[in-house]
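Contents: one structure, followed by commentary.
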Amino acid sequence: GSVMKIFTYMCAIEKGTYDGSKTYLSGNIEIEGTKIYDWNTVGWGEITFDQGFVLSSNVATSNIVNQFITKDDLKDCLESYGFGSATGIELPRELSGSLVFNYPVEVAAASYGQGITTTPIQHLQALSIIANNGYMVKPNIVSKIVENGQVIYERQVEKSDRIVSESTIEQIKQLMYDAIHDEENEAVGLDYRVEGLDVIGKTGTAEIYDDQNGGYLTGWLDHLYSFSGMFPKDDPEIIIFVSVKRPNNGSNIGLKEMTQSVMESIAKYKGLIGNNNSDDEVIK
C-alpha cells in the first residue's frame, strides 16, 4: 500500500529530478487504457507533488514514474533499499517478496505499493536508511546475551555504504513530518500524532490479492491497513511498522489507536516525552 510512496518519492528526490512545487491534476490518470484513481476517487484538483505525498495521492506517484524517474530507476531503488531480497534476520522461513513490474500500468501500481509483495522486516530495514541518515542497517532480533554477568553474544552492527544523500533524507523526513502534522492540507496521517512527540511517517491502505481467482478481493472488509513511522524527527531512535489485515470493523480506527498507544508508551519509556505514571507503574 501507500507506505511504499516513501520510497518512490525518495528515489525521485535522490535522482535529482523531483520538483515538489510542480503541480499535476489529481483525481485520476489514464495509463494504457486503465484509469488509476486517488483513494477518494475525485482528488483535490490541481495540487503540488509535495501536497500529493501529504494527501497520499496515487496519481502523484503514477506521475512521478512518468515524469521524474523510469521503471528501471524505481526497480533499482527498491532493490537497493532491500526489497525483493531476504534481510537475513534470525528468523526461520523469511520470504523475499516480489518486485515484478514491466508494463507502464504495473509500474504505476508499484509506485504506490500495489502489485508487488514486501515484508514488515523489509520495511523496517528500508526505513533504517532514513533513520540512519542514508545508511541501511541490517535488522537483528537479539542485541546481546549476558550469562552470569558475562556477555556471551553481542550482535555486530552491519551498516551499508551510503545509499541516499543527506539532503534527500532531510527532504523525505520533512514530507513524512507533513504527512502526519499538516492540518492545513488535511494530511491523511493526522490521527497518528502523539502529543509532545514529532512523529514522522506514512499511512497505507492496500487491496488484497485473491489467490483463488486472481485480481483483488472486493468485500468491504478486504483491505490491508498499515503505518510506517519513526521518532524523533531530527534524530530518530525508534522505527515502527504496524499493519492489520481485514479488520472486523472495516476501517483502520483500531490500528490508529493501537499505534498511538504503542508510540506514546515507547516514548515515555525512552524519556522522549514526559511520563506522568506513578513510580510503581510499568510501561509494557
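The values are calculated or read from the model by the stated rules, or taken from the named source; none is laboratory data. Treat the numbers as computed from the prediction; the structure is a model and nothing was measured. Because the Cβ atoms are built from the backbone with ideal geometry, glycine has one as well, and the counts that use them run over all protein chains shown. Ligands, DNA and RNA are stripped out before the accessible areas are found, and what is left, the full protein with its side chains, is counted by its heavy atoms. Shrake-Rupley method; radii C 1.70, N 1.55, O 1.52, S 1.80 Å.
Quick notes on this structure:
- Search result, residues across the range 206-223 that are open to solvent by less than 70 Å² (accessible area, probe 1.4 Å), part of a strand (DSSP E or B) and touching a Phe, Trp or Tyr at 6+ places or on another chain (Cβ under 9 Å): A206
- Filter result (of a type outside the set (S, T, Y) and either modelled with pLDDT of 95 or more or open to solvent by less than 60 Å² (accessible area, probe 1.4 Å) (or both)) within the range 65-76: V65, Q67, F68, I69, K71, D72, D73, L74, K75, D76
- Residues located in the range 127-180, provided they are of a type in the set (D, E, K, R) and open to solvent by 70 Å² or more (accessible area, probe 1.4 Å): K144, E147, E154, R155, E158, K159, D161, R162, E166, E170
- Enumeration of residues in the range 103-121 that are of a type in the set (S, T, Y) and surrounded by fewer than 21 Cβ atoms within 10 Å (Cβ to Cβ): Y103, T117, T119
- Applying the criterion of being part of a helix (DSSP H, G or I) and among the polar types (S, T, N, Q) to the residues of the range 131-180, the residue that is nearest to S228 (Cα to Cα) is Q174.
- Summed over the range 244-258, residues that are within 21 Å of I6 (Cα to Cα), outside any loop (DSSP other than H, G, I, E, B) and open to solvent by less than 60 Å² (accessible area, probe 1.4 Å) total 3.
- Of the candidates K75, K35, the single residue that is assigned to a helix (DSSP H, G or I), more than 30 Å from K144 (Cα to Cα) and among the basic types (K, R) is K75.
- Lone unmet requirement of (1) in a helix (DSSP H, G or I); (2) of a type outside the set (A, V, I, L, M, F, W, C); (3) in contact (Cβ under 8 Å) with a residue 60 or more places away in the chain; (4) farther than 19 Å from K15 by Cβ for Q122: (3)
- Residue tally, condition open to solvent by 40 Å² or more (accessible area, probe 1.4 Å) and either in contact (Cβ under 8 Å) with a residue 40 or more places away in the chain or among the β-branched types (V, I, T) (or both), over the range 77-102: 5
- For the range 1-54, filtering for residues that are within 17 Å of the chain's Cα centre (by Cα), open to solvent by 30 Å² or more (accessible area, probe 1.4 Å) and of a type in the set (F, W, Y) leaves 1.
- Taken together, the criteria exclude S57 from residues that are open to solvent by 30 Å² or more (accessible area, probe 1.4 Å) and touching a strand residue (DSSP E or B) at 6+ places or on another chain (Cβ under 9 Å).
- Criterion (at pLDDT 90 or above, open to solvent by less than 50 Å² (accessible area, probe 1.4 Å) and polar (S, T, N, Q)) met by exactly one of S261, S226: S226
- With respect to the stated conditions, S62 is surrounded by 21 or more Cβ atoms within 10 Å (Cβ to Cβ) and at pLDDT 95 or above.
Conditions tested, residue by residue: (1) among the basic types (K, R); (2) assigned to a helix (DSSP H, G or I); (3) farther than 21 Å from H223 by Cα.
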{"position": "W39", "(1), (2), (3)": "no, no, no"}
{"position": "I64", "(1), (2), (3)": "no, yes, yes"}
{"position": "I69", "(1), (2), (3)": "no, no, yes"}
{"position": "P92", "(1), (2), (3)": "no, no, yes"}
{"position": "G115", "(1), (2), (3)": "no, no, no"}
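- Residues in the range 236-264 that are under 16 Å from D191 (Cβ atoms) and of a type in the set (A, V, I, L, M, F, W, C): I240, V242, V244, I253, L255, M258, V262, M263.
- Members of the range 184-193 found to be open to solvent by 50 Å² or more (accessible area, probe 1.4 Å) and modelled with pLDDT under 95, listed by number: E184, E186, D191
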